[in-house]
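Accompanying notes for the structure given below.
Values quoted throughout were computed directly from the atomic coordinates according to the rules given, and no laboratory measurement underlies them. These numbers were taken from a predicted model, which means no experiment stands behind them. Here the Cβ positions follow ideal geometry from the backbone for every residue, glycine too, while neighbour counts run over all protein chains shown.
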Amino acid sequence: MLHRIHEAASYLRSLPGLAPAAGIVLGTGLGGLTKNITNQTVIPYNDIPGFPTTTVEGHSGNLIFGRLSGIPVVAMQGRFHYYEGYSMEQVTLPIRVLKMIGIKQLFLSNAAGGINPSFSVGDLMVIRDHINFFPESPLRGPNVEELGPRFPDMSEPYDRKLVGLAHQTAEKLGFTIQEGVYVGNPGPSFETPAEYLHYRIIGGDAIGMSTIPEVIVARHMDLPVLGVSVITNVSIPGSFDKNTHEDVQEAASRAGSRLIALFSGLLPVSPYSPSFA
Ligand code: HPA
């Protein structure tokens, strides 16, 4: 694994002028937000040695380097999902690589189903904490001390300062955001009514099929994380009909302008951003 991480990182480091200070992962339906990044350099995943290859038709897979609010960033346009058949190592390798090329903070986004009855479709939810239902950890196996400790602390998986700043930034922009607990399920089937109820009872506010593996490796490497879910469906047992991927994509892209405004507004005030911007 380490060999592939180094291979990808040294390739990206060999390209001139790319020195990102923040990493951004764009979830389902949110890939179009890269248009807000200026001075772009686009690197297809398939050009990066050591990176997992993307096979799914119509699934864009690019690293987009450039600037957002003046801050040098790298955005992942498309992520690797566990349900696609990638190993946990493949799902999380890009996060390892981004850390290795210098990012100091990671902004993750995803599309998620709302299970808190006070949520509405289109809401943004800043993630305060998560509950993990993936069947394996990306850290399973021999620990690579060079990357992080055997037993990483998870007392603050999502950076509290960034959560606070997310609320302040949204307020300045004129909207409010929800805050809550993200439940991570491997998918790809959506949850049954009884499962949604179960995840609500145990303390979840939203549920999705990604993010948690990436957060685990980021925290393993002591990288501060902000996570934001776009609520694409509210699945309260008895009050929802059917869930479809198309509806999820459409709801996510409708909420996308607020998500990118939030990330753009937050970056310059983040304590982990360079102060020269
Ligand atoms: N469940 C799981 N993943 C999702 C959902 C959901 O209801 N909505 C968007 N991603």
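Counting only residues that are closer than 23 Å to Phe133 by Cβ, give me the strands (runs of 3 or more DSSP E) lying completely in the stretch 59-116 with at least 2 of them. If you could, list the steps in order and put the result at the bottom.
Working: elements: 62-68, 71-77, 106-114.
Result: 106-114.
Right, Pro152: of a type outside the set (Ser, Thr, Tyr), in a loop (DSSP other than H, G, I, E, B) and in contact (Cβ under 8 Å) with a residue 24 or more places away in the chain or not?
Values: of a type outside the set (Ser, Thr, Tyr): yes; in a loop (DSSP other than H, G, I, E, B): yes; in contact (Cβ under 8 Å) with a residue 24 or more places away in the chain: yes.
Yes, satisfied.
Checking the condition farther than 25 Å from Thr34 by Cβ and crowded, with 21+ Cβ neighbours inside 10 Å, which residue from Gly114, Gly148 passes?
Numbers: Gly148 fails: crowded, with 21+ Cβ neighbours inside 10 Å.
Of the residues listed, the single one that is farther than 25 Å from Thr34 by Cβ and crowded, with 21+ Cβ neighbours inside 10 Å is Gly114.
In the stretch 168-193, what count of residues is obtained for those that are away from the ligand (no atom under 16 Å from the Cβ) and within 28 Å of Phe240 (Cβ to Cβ)?
Final tally of qualifying residues: 5.
I'm trying to understand the selection: among the residues of the stretch 175-196, which are over 22 Å from Pro138 (Cβ atoms), under 20 Å from the mean Cα position of the chain (by Cα) and among the hydrophobic types (A, V, I, L, M, F, W, C)?
If the condition is that a residue be over 22 Å from Pro138 (Cβ atoms), under 20 Å from the mean Cα position of the chain (by Cα) and among the hydrophobic types (A, V, I, L, M, F, W, C), then Ile177, Phe190 are the ones that fit.
I'd like to verify a number: residues in the stretch 197-230 that are part of a loop (DSSP other than H, G, I, E, B), within 16 Å of the chain's Cα centre (by Cα) and within 16 Å of the ligand (Cβ to nearest atom), how many?
Total meeting the criteria: 3.
Hey, among the residues in the stretch 231-277 that are touching a Ser or Thr at 6+ places or on another chain (Cβ under 8 Å) and assigned to a loop (DSSP other than H, G, I, E, B), which one's farthest from Val74 (Cα to Cα)?
Taking the candidates together, the pick is Asn243.
Quick check on Leu33: is it part of a helix (DSSP H, G or I), more than 29 Å from Pro188 (Cβ to Cβ), touching a Leu at 6+ places or on another chain (Cβ under 9 Å) and of a type outside the set (Asp, Glu)? Step through it out loud before you land on a result.
Working: part of a helix (DSSP H, G or I): yes; more than 29 Å from Pro188 (Cβ to Cβ): no; touching a Leu at 6+ places or on another chain (Cβ under 9 Å): yes; of a type outside the set (Asp, Glu): yes.
Answer is no for this residue.
Among the residues of the stretch 20-33, is there at least one that is on the phi > 0 side of the Ramachandran plot and crowded, with 18+ Cβ neighbours inside 10 Å?
Just the residues of the stretch 20-33 that are on the phi > 0 side of the Ramachandran plot, to begin with: 29.
Subsequent filtering for residues that are crowded, with 18+ Cβ neighbours inside 10 Å retains 29.
Yes: one or more hits.
Residue check: is Asp153 out of contact with any Pro (no Cβ under 6 Å at 6 or more places or on another chain) and closer than 28 Å to Thr244 by Cα? Please lay out each step first, then the result.
Values: out of contact with any Pro (no Cβ under 6 Å at 6 or more places or on another chain): yes; closer than 28 Å to Thr244 by Cα: no.
Answer is no for this residue.
Can you spot a residue in the stretch 65-86 that is of a type in the set (A, V, I, L, M) and surrounded by fewer than 17 Cβ atoms within 10 Å (Cβ to Cβ)?
Keep residues of the stretch 65-86 that are of a type in the set (A, V, I, L, M), which gives 68, 71, 73-76.
Still in the running and surrounded by fewer than 17 Cβ atoms within 10 Å (Cβ to Cβ): none.
There is no residue in the stretch 65-86 that is of a type in the set (A, V, I, L, M) and surrounded by fewer than 17 Cβ atoms within 10 Å (Cβ to Cβ).
Only residues in the stretch 216-240 that are over 23 Å from Gly114 (Cβ atoms) count as the first member; pair them with residues that are β-branched (Val, Ile, Thr) and in a strand (DSSP E or B), Cβ under 7 angstrom, at least 6 apart or cross-chain, and list the lot.
Final answer for the pair search is Ala218/Val225; Arg219/Val225.
Being surrounded by fewer than 13 Cβ atoms within 10 Å (Cβ to Cβ) and either within 30 Å of Thr176 (Cα to Cα) or of a type in the set (Asp, Glu) (or both) is the filter here, so list the residues in the stretch 127-145 that pass it.
Step one: filter the stretch 127-145 for residues surrounded by fewer than 13 Cβ atoms within 10 Å (Cβ to Cβ), giving 135-136, 140-142, 145.
Correct list: Glu136, Glu145.
Can you tell me which residue is farthest from the chain's Cα centre (by Cα) among those in the stretch 151-174 that are among the aliphatic types (A, V, I, L, M) and surrounded by fewer than 16 Cβ atoms within 10 Å (Cβ to Cβ)? Break it down stepwise before answering.
So in the stretch 151-174, the residues among the aliphatic types (A, V, I, L, M) come out as 154, 162-163, 165-166, 170, 173.
Restricting the remaining residues to those that are surrounded by fewer than 16 Cβ atoms within 10 Å (Cβ to Cβ) gives 154, 173.
Details: Met154: 17, Leu173: 22 Å.
So the residue we want is Leu173.
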